[in-house]
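The structure under discussion appears below in the form of structure tokens.
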Amino acid sequence: MSGLVAQVRRTVEAVALACDVAPAAIRSPASRRERQARNRAAYALVRAGAGSASDIARALGFADRSGLRHAVLTHAREIGQPVARLEDLMGKRRPRRIDRAKLAFLFAAWVEREGLNQVQAADRLRVSRTVVRKVANAQALDDESLVAVMSAAGLELGDILARQEGGRTAPTASREFYGEHALAGRAVAHG
């Protein structure tokens, strides 16, 4: 906790100097400028991962974590930073889960489209038949091998994950941009 106290003190002093307010005013702001300074300090501390949201909230004089959340999101909006949750800034967001069944389906579609069996697919992708079998059957496989196989097959994992979450990605690696034939040609180039 003493590390947090020191970091809060340094951050509050730096923000107070930059915003031309008294450091004590950041902990109990009375004016709009002082509230903006507190929002800026809150944003800086959350972004630096200085401590838990509750600890940062207490150190800056917020009644609870929701006050800190509001201050951070307000400052993020003011500086044009798209943030929906404090965890997005704190770097504590869990990595996206890879839907291996969906990847297996897409991989099987690629193998079928190319007219390959698993042995031929393994040869083209320069991996073992065991790796191809694991991808095709959605079995456990380390992420690096999975990414390498999917990329070699012309199936960009970033596009797949974005579609999995319902989003759209830039068209640089998508079928809409390359078309089916160019995508198949790209996979051949890897093999």
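Select the helices (runs of 4 or more DSSP H) contained entirely in the range 1-52, then report the ones holding at least 2 residues which are small (Gly, Ala, Ser) and closer than 15 Å to Ile79 by Cβ.
32-48
Let's see how each residue does on (1) within 20 Å of the chain's Cα centre (by Cα); (2) farther than 15 Å from Val15 by Cβ; (3) surrounded by fewer than 20 Cβ atoms within 10 Å (Cβ to Cβ):
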residue	(1), (2), (3)
Ala37	no, no, no
Leu60	no, no, no
Thr74	no, no, yes
Ile79	yes, no, yes
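Looking at Ala138, is it on the phi > 0 side of the Ramachandran plot, surrounded by 13 or more Cβ atoms within 10 Å (Cβ to Cβ) and not hydroxyl-bearing (Ser, Thr, Tyr)?
When the stated conditions are applied, Ala138 passes them.
Any residue that is assigned by TED's automatic domain parsing to the domain that holds Ala22, in a helix (DSSP H, G or I) and over 22 Å from Val5 (Cα atoms) - is there at least one of those in the range 53-74?
Yes, the range 53-74 contains a residue that is assigned by TED's automatic domain parsing to the domain that holds Ala22, in a helix (DSSP H, G or I) and over 22 Å from Val5 (Cα atoms).
The values are calculated or read from the model by the stated rules, or taken from the named source; none is laboratory data. For clarity, every value in this text was computed on a predicted model and none was experimentally measured. Backbone-built Cβ (ideal geometry, glycine too); neighbour counts: all protein chains shown.
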